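Bear in mind these aren't lab numbers, they're just calculated from the coordinates by the rules spelled out. This is a predicted model, so every value here is computed, not measured. No Cβ is skipped: glycine too gets one built from the backbone with ideal geometry, and neighbour counts run over all protein chains shown.
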Amino acid sequence: MEMEAYQVRKDDISFTLTRDDGQISVSVPSDQQYVARLMVFEELLSLSDLLEASKNMKSLDVMGSELIGSLF
């Protein structure tokens, strides 16, 4: 697997996320590390909420069948 790098920017903060062999690294200036950590944590919480919500949803096939069934 090849290495992937992403530049994250918000307002005057900028840091780099790098993924290499399943390992994620964050490169950020030391004076911005706390804000970057909070930003990453916020995104992890959002993804966690999305995953939990998707577990509670019906499957797409079931939802599609219900939608089509209610048309007729």
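Only one of ARG37, ARG19 is in a strand (DSSP E or B) and surrounded by 10 or more Cβ atoms within 10 Å (Cβ to Cβ); which? Step through it out loud before you land on a result.
Details: ARG37 fails: in a strand (DSSP E or B).
The conditions single out ARG19.
Evaluated against (1) small (Gly, Ala, Ser); (2) surrounded by 10 or more Cβ atoms within 10 Å (Cβ to Cβ); (3) within 19 Å of the chain's Cα centre (by Cα), GLY64 falls short on exactly one condition, (3). Scanning region 7-16 for residues that are loosely packed, with under 10 Cβ neighbours inside 10 Å and in a strand (DSSP E or B) yields GLN7, ARG9.
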